[in-house]
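Take a look at the structure set out below.
The values are calculated or read from the model by the stated rules, or taken from the named source; none is laboratory data. Since the structure is predicted, the reported quantities are computational estimates derived from the model, not experimental observations. Heads up, the Cβs are rebuilt from the backbone with ideal geometry, glycines too, and the neighbour counts pull from every protein chain shown. In case anyone asks, the SASA skips ligands and DNA or RNA and just uses the protein heavy atoms, side chains included. Shrake-Rupley method; radii C 1.70, N 1.55, O 1.52, S 1.80 Å.
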Amino acid sequence: MKRNRKSLLLSLLTLMMVATLFAACGNSNSGNTAEGNNAPADKPANTAPADEPAGKKIVVGFAQIGAESGWRDAETASIKDTFGNDPAFELKFSDAQQKQENQIKAIRSFIAQKVDAIGLAPVVESGWETVLKEAKDAGIPVFLLDRGITAGNEDLYTSFIGSDFILEGENAAKWMLDEFGADAQVNIVQLEGTVGASAANDRKKGFEDAIAGNAGYKIVYSQTGDFTRAKGKEVMEAYLKKDKNIQVVYAHNDDMALGAIQAIEEAGLKPGTDIKIIGVDGVKGAFEAIAEGKMNVTVECNPLLGPQLKQAILDYQAGKELPKWIKSEEDVYFGQKAIDALPNRQY
Ligand code: GZL
């Protein structure tokens, strides 16, 4: 009898242990797979559903020209900093390597992705009607940054945020006329920006119109240096081989002016003294060259346009009326004023 009772007790105990064991396994199965403790691939174990973002992000597609100059790099940094540091925005950024067809492709991609706004720095003025009409038909606002497009297409963009390039050309000419006097005999080499770019067309127009009444001022050579330092040097080298009787170099941007300075020095002349050097942009390298006496003036062109672009998009989203042209505030730097400003320059 005793033996029976003992074996019954033993069976009961074993049964209870097995039951406990199954119960334990049953609980841990919620996160187990055959392989072990990993949650099944298709659903994470006990993960709270991802929180929906509080508000939908404003998605901005920006079609940048490239990285041809210090100015362009500063503009790109301003855009990436402005939108990258604001959680309300998502930035899609494309670099077109100076090619209009790449900018057009980028805009079409932004349209397909149904972005909320498109920013464009048009490499040249013409050839945008078709793609900007596609953006308009898709109900996506376009904001032009830093360069414009052919007049007559104002209905294809919301606002142009950028400088007055004609005024920049006029300011360059004004410094020169003040420096030499209205009746002086001055031979000028003009280093032009990218062929077809509004910045080049208008800086040329502003400068040339401002000296049209001064017969002694002659542009003896005008050639594109494509806004790059290397090409600016190349064009200047080639010209100096033919003729050294020039008093001024007017470069449509500081990068080409800095290239010309190198060529002038290599030709055995003193830039800033033998040949006065005028640039546009206001990049740090120009301020440094002025401080060294190798350059004479830089006409500022503000590249830090990210905040203005962001504000324009927010104002548009709020239904506010925007001006067709949101102008950048700029100055002209030469002499002691340039030297004093150098430590505070941001680009
Ligand atoms: C001006 C900008 C020009 C700069 C150049 O807004 O488009 O392009 O002056 C740059 O340095 O390459």
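Side notes on the structure shown:
- Residue within the stretch 34-49 that is of a type in the set (Ser, Thr, Tyr), modelled with pLDDT under 50, farther than 21 Å from PHE143 by Cβ and in a loop (DSSP other than H, G, I, E, B) present: yes
- Hey, LYS337 under 21 Å from TRP71 (Cα atoms) and loosely packed, with under 15 Cβ neighbours inside 10 Å or not: yes
- Single residue of the stretch 128-146 satisfying the filter (within 16 Å of the ligand (Cβ to nearest atom) and touching a residue at least 60 places away in the same chain (Cβ under 8 Å)) that is farthest from ASP73 (Cα to Cα): PHE143
- Screening the stretch 151-226 for strands (runs of 3 or more DSSP E) wholly inside it with 1 or more residues that are under 18 Å from PRO122 (Cα atoms), in contact (Cβ under 8 Å) with a residue 24 or more places away in the chain and in contact with a Lys or Arg (Cβ under 7 Å, 6 or more places away or on another chain) returns the ranges 159-162, 186-192.
- Residue in the stretch 186-204 that is assigned by TED's automatic domain parsing to the domain that holds GLU288, away from the ligand (no atom under 16 Å from the Cβ), surrounded by fewer than 16 Cβ atoms within 10 Å (Cβ to Cβ) and not β-branched (Val, Ile, Thr) present: no
Residues checked against (1) closer than 25 Å to LYS205 by Cα; (2) among the acidic types (Asp, Glu):
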{"position": "GLU234", "(1), (2)": "yes, yes"}
{"position": "GLN262", "(1), (2)": "no, no"}
{"position": "GLY268", "(1), (2)": "no, no"}
{"position": "THR298", "(1), (2)": "yes, no"}
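- GLU265 closer than 23 Å to GLU192 by Cα and within 14 Å of the ligand (Cβ to nearest atom): no
- Filtering LYS324, LYS294 for residues that are assigned by TED's automatic domain parsing to the domain that holds PRO141 and at pLDDT 95 or above leaves a single hit, LYS324.
- Considering the conditions (1) more than 15 Å from the ligand (Cβ to nearest atom); (2) under 24 Å from the mean Cα position of the chain (by Cα), VAL332 is excluded by exactly one of them, (1).
- Which numbered condition LEU240 misses (of (1) assigned to a helix (DSSP H, G or I); (2) closer than 17 Å to GLY193 by Cβ; (3) of a type in the set (A, V, I, L, M)): (2)
- Count of the stretch 282-325 residues which are more than 22 Å from GLN64 (Cβ to Cβ), among the small types (Gly, Ala, Ser) and open to solvent by 10 Å² or more (accessible area, probe 1.4 Å): 4
- Taken as a whole, the structure places LYS233 among residues that are open to solvent by 10 Å² or more (accessible area, probe 1.4 Å), over 24 Å from ASP146 (Cα atoms) and assigned to a helix (DSSP H, G or I).
- Positions within the stretch 67-104 being without any contact (Cβ under 8 Å) to a residue 60 or more places away in the chain and on the phi > 0 side of the Ramachandran plot, in sequence order: GLN97
- Candidate set from the stretch 66-86 (those that are of a type in the set (S, T, N, Q) and in a helix (DSSP H, G or I)); member that is farthest from the ligand (Cβ to nearest atom): THR82
- When TYR239, TYR250, TYR217 are checked against the criterion of being farther than 26 Å from ASP164 by Cα, open to solvent by less than 50 Å² (accessible area, probe 1.4 Å) and of a type in the set (Ser, Thr, Tyr), a single residue qualifies: TYR239.
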